[in-house]
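Reviewing the structure listed below.
The values are calculated or read from the model by the stated rules, or taken from the named source; none is laboratory data. The model shown is predicted, which means the values in this text are computed figures rather than measured ones. Here the Cβ is made from the backbone with ideal geometry for all residues, glycine too, and neighbour counts use every protein chain on show.
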Amino acid sequence: MLKQRIITALVLLPIALGGFFLLDGAAFALFIGVVVSLGAWEWARLAGLSRQTLRVAYAGVVAALLFGLYQLPLLAPWLLLLAVAWWVLATVLVLGYPASSRHWAGLPAKLSIGLLILLPAWQGLVLFKQWPEANGLILAVMVLVWGADIGAYFTGKAFGKRKLAPQVSPGKSWEGVAGGLFASLLITTAVGLYRGWSVSEWLLVLAGAALVVSISVVGDLTESMFKRQAGLKDSSNLLPGHGGVLDRIDSLTAAIPMFAALLWLAGWGAL
């Protein structure tokens, strides 16, 4: 298993880094669109579509919607606002699972939720590329989420006692979340020192980072909730040793649109 994980990481890492940081414009949108469409194919399985043709059809619908969004950039702010509303609702659903599953157990609801998860994540990344410090924004959200994941893992392993959402993901603890949040705020503080932020800027960015990291936890738990409901361990086996695409990007699907919405509200880039 470890050998598989290492080989997969060595193959995918240069592709991912090249796609995220070297591509621009339509090429970048297409690259991210392929990743999101693969995630849609996996989501169709979580939603209960067992036939391969139906799963491919769902991925095709998502790809078509992405193309439409690329042609209609004025829809971007509305999609971000919809995503923020969804992740607030998802927090309630995760904390209320399994009782909350009665609200989304049907196939139409699950497929619709897939759109709310996948489309805004694509939109946020496309916007980052168009805004000042484009690659820096992409790197920032990734470092925040990955730093929080690492902090949560080690803190939870050492001190985790109080379960965060035992019916969804028994391994996660409130102590782990606190450790992840602390790690992300340390990273943000270091960046603030390097860039010479004022106190007011620092406080705003720290609050934003805390919100982005908190919602990234919800993204992780949301996918776990749907996998548990479907009786699946991984979203797919597309990435040997790592599970599926969704298993790698679940936290980012929540963090990216939240980060984009906060930057938009701060006047970072025009929409």
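One table, with the values for the structure above:
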{"quantity": "Filter result for residue 32 (among the β-branched types (Val, Ile, Thr), surrounded by 19 or more Cβ atoms within 10 Å (Cβ to Cβ) and part of a helix (DSSP H, G or I))", "calculated": "yes"}
{"quantity": "Yes/no for residue 82 being surrounded by 14 or more Cβ atoms within 10 Å (Cβ to Cβ) and either within 29 Å of residue 139 (Cβ to Cβ) or aliphatic (A, V, I, L, M) (or both)", "calculated": "yes"}
{"quantity": "All positions within segment 95-110 that are surrounded by 16 or more Cβ atoms within 10 Å (Cβ to Cβ) and charged (D, E, K, R)", "calculated": "110"}
{"quantity": "Given (1) without any contact (Cβ under 8 Å) to a residue 40 or more places away in the chain; (2) part of a helix (DSSP H, G or I); (3) small (Gly, Ala, Ser); (4) farther than 23 Å from residue 263 by Cα, number of the condition residue 50 does not satisfy", "calculated": "(2)"}
{"quantity": "Residue that is of a type in the set (Val, Ile, Thr), at pLDDT 95 or above, surrounded by 18 or more Cβ atoms within 10 Å (Cβ to Cβ) and out of contact with any Pro (no Cβ under 7 Å at 6 or more places or on another chain), where the choices are 126, 88, 92", "calculated": "126"}
{"quantity": "First in segment 183-202 and touching a residue at least 40 places away in the same chain (Cβ under 8 Å), second anywhere and among the β-branched types (Val, Ile, Thr) and assigned to a helix (DSSP H, G or I), Cβ under 7 Å, 6 or more apart", "calculated": "184/213; 187/143; 188/205"}
{"quantity": "The listed residue being surrounded by fewer than 17 Cβ atoms within 10 Å (Cβ to Cβ) and either within 26 Å of residue 97 (Cβ to Cβ) or in contact (Cβ under 8 Å) with a residue 24 or more places away in the chain (or both), out of 163, 172", "calculated": "163"}
